[in-house]
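Since the structure comes first, as structure tokens, the remarks are kept for the end.
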Amino acid sequence: MGDVYARIRELGCELPESPPAGGVYRPVKQVGDLLYVSGQGATVQGVPAIVGKLGADCTLEQGQAAARLCALNALATLHRYLGDLNRIRSVVKTLGFIQSAPGFNRQPEVLNGCSIFLRDLLGDAGVGARSAIGVNELPGNIACEVEFIIEIHPWGRD
Amino acid sequence: MGDVYARIRELGCELPESPPAGGVYRPVKQVGDLLYVSGQGATVQGVPAIVGKLGADCTLEQGQAAARLCALNALATLHRYLGDLNRIRSVVKTLGFIQSAPGFNRQPEVLNGCSIFLRDLLGDAGVGARSAIGVNELPGNIACEVEFIIEIHPWGRD
Amino acid sequence: MGDVYARIRELGCELPESPPAGGVYRPVKQVGDLLYVSGQGATVQGVPAIVGKLGADCTLEQGQAAARLCALNALATLHRYLGDLNRIRSVVKTLGFIQSAPGFNRQPEVLNGCSIFLRDLLGDAGVGARSAIGVNELPGNIACEVEFIIEIHPWGRD
């Protein structure tokens, strides 16, 4: 897929600053070649950026933008941890929670905002297993939160 | 436990068609001998089949049937991926989300519909770690959604 | 960090009895050096102990006590499984669900009750990746439920 940083720019995006931890946890915990990435929210520099509930306060498009923002924050977090995003081998799993008003049942379409971005960025390697879940409340009233398991190459690709 | 396909029939069930992906994700992502299975819903051929909230629209028995249907869809998904369900070595973990009306707090009993089926099918190997969680909304208004981590034998059992 | 059992006492806590399974699952499932710990609730001997919703029935402090109780129950469960808590190498990941009334959005602060305890107990090794999620209902009306992935030393430390 070529250089990940160049691809991010080609997709019209910019790698944000990595979000500060919002509690007592590591942004990334490594076990072997797997990276467990803590739940990423629709925040900018840790401040809730896309807030509200799908089906009441947010449009589907806003929800998808929120999900993409979670992916970008994950990448920023991984960049800080790895030093080089080209070390990502694949997305193993994403678990996405969508803050949902009563009767909103289109969580998979919302989470596609994250998944399509990662597929566009990393190709087939960016498509992993996934669950999309609706919940009533999320931290800071963010529209969605996504956690990831990422597989890395044991060495850099060069 | 003998042949898994024969056991499914002995338990009075039929392996359904594997559900189509409801978004941009892989039904199964493999890392080593672990298979991450995407969230499986109470659907038939991808169409919501058991819908509504426990404690309001669904009886406990309907919820348990929904949870069993999630397990059957997972097996169908694994059959498609593996070619042979006898390659399953154990169920590592299930994470089940139960669509719950206010005041419904019997999520573990609902999820037992999935867990008892897998135990009956695979014996001790079918019993893994588990969490049962209530949520307000799920995709397509399904009564429950369950994701799995499955361990496989590196080779077929013959 | 010294002996884990001594540290638990130094922190003013007591290892509870390991909670009985509340359904058809294993308290712990091991794959290699990873232990998947089933969802632990704010229970004592399996009976809901800290119940209600954050933002309505429970104060923040009660929620944090509930989260710490989940950690203690996880330790009791691990003690029963491992025989020796000093075999814990690190906390890989915690996924915490906080039973939340409408408008409650401080889930990370609640889950810190669990995370700070594990950090105080195990030092840096006690801090893993984490997600904090709000949900509308949990089993037995408990205030929170937390599942864990724990890494162990392949042998006891002696």
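The values are calculated or read from the model by the stated rules, or taken from the named source; none is laboratory data. Everything numeric in this text was worked out from a predicted model, so none of it was measured. Heads up, the Cβs are rebuilt from the backbone with ideal geometry, glycines too, and the neighbour counts pull from every protein chain shown.
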*Within the range B:24-45, track down each residue that is touching a helix residue (DSSP H, G or I) at 6+ places or on another chain (Cβ under 9 Å) and surrounded by fewer than 19 Cβ atoms within 10 Å (Cβ to Cβ).*
B:Gln30, B:Val44
*Quick one: B:Glu145 ticks every box in (1) surrounded by fewer than 24 Cβ atoms within 10 Å (Cβ to Cβ); (2) within 13 Å of the chain's Cα centre (by Cα); (3) among the acidic types (Asp, Glu) except a single one, so which number is it?*
(1)
*Considering (1) within 9 Å of another protein chain (Cβ to nearest Cβ); (2) within 13 Å of the chain's Cα centre (by Cα), say which one C:Leu138 fails and leave the rest.*
(2)
_Pick from the range A:79-98, criterion closer than 19 Å to B:Lys29 by Cα and among the hydrophobic types (A, V, I, L, M, F, W, C), ranking: surrounded by the most Cβ atoms within 10 Å (Cβ to Cβ)_ = A:Val91
*asked:* Among the residues that make up the range A:139-151, is at least one of them without any contact (Cβ under 8 Å) to a residue 60 or more places away in the chain and within 30 Å of B:Ala132 (Cβ to Cβ)?
replied: no
*Filter the range C:67-112 down to the residues that are of a type in the set (A, V, I, L, M) and more than 11 Å from the chain's Cα centre (by Cα), then identify the one that is farthest from A:Tyr36 (Cα to Cα).*
C:Ala101
*Kindly list, by first and then second residue, each pair from a residue in the range A:23-47 that is free of Cβ contacts under 8 Å to residues at least 60 places away in the same chain and within 9 Å of chain C (Cβ to nearest Cβ) to a residue that is of a type in the set (S, T, N, Q) and assigned to a loop (DSSP other than H, G, I, E, B), limited to pairs with Cβ atoms under 8 Å and residues at least 6 apart or on different chains.*
A:Pro27/A:Ser18
*If you go through the range C:108-133 one residue at a time, how many are free of Cβ contacts under 8 Å to residues at least 40 places away in the same chain, closer than 26 Å to A:Ala56 by Cβ and of a type outside the set (Val, Ile, Thr)?*
3
*Which of (1) more than 11 Å from chain C (Cβ to nearest Cβ); (2) among the β-branched types (Val, Ile, Thr); (3) closer than 26 Å to A:Ile98 by Cβ does B:Ile149 not meet, given it meets every other one?*
(1)
*asked:* Can you confirm whether A:Cys70 is under 26 Å from A:Ala101 (Cβ atoms), out of contact with any His (no Cβ under 7 Å at 6 or more places or on another chain) and more than 13 Å from chain C (Cβ to nearest Cβ)?
replied: no
_Residue check for B:Glu109: facing chain C (nearest Cβ under 9 Å), acidic (Asp, Glu) and surrounded by fewer than 24 Cβ atoms within 10 Å (Cβ to Cβ)_ = yes
*Take the residues in the range B:1-33 that are in contact with a strand residue (DSSP E or B) (Cβ under 6 Å, 6 or more places away or on another chain) and at pLDDT 95 or above, then tell me which one is nearest to C:Gly32 (Cα to Cα).*
B:Asp33
*Say we look at the range C:112-131 and pick out the residues that are under 15 Å from C:Leu69 (Cβ atoms) and among the aliphatic types (A, V, I, L, M); which of these is surrounded by the fewest Cβ atoms within 10 Å (Cβ to Cβ)?*
C:Ile116
_Hey, A:Val51 closer than 23 Å to A:Pro108 by Cβ and either within 11 Å of chain C (Cβ to nearest Cβ) or surrounded by fewer than 16 Cβ atoms within 10 Å (Cβ to Cβ) (or both) or not_ = yes
*Are there any strands (runs of 3 or more DSSP E) wholly within the range B:33-138 with 2 or more residues that are of a type in the set (Ser, Thr, Tyr), and if so which?*
B:34-41, B:88-99
*Can you confirm whether the range A:79-95 contains a residue that is at positive phi and either basic (Lys, Arg) or more than 9 Å from chain B (Cβ to nearest Cβ) (or both)?*
yes
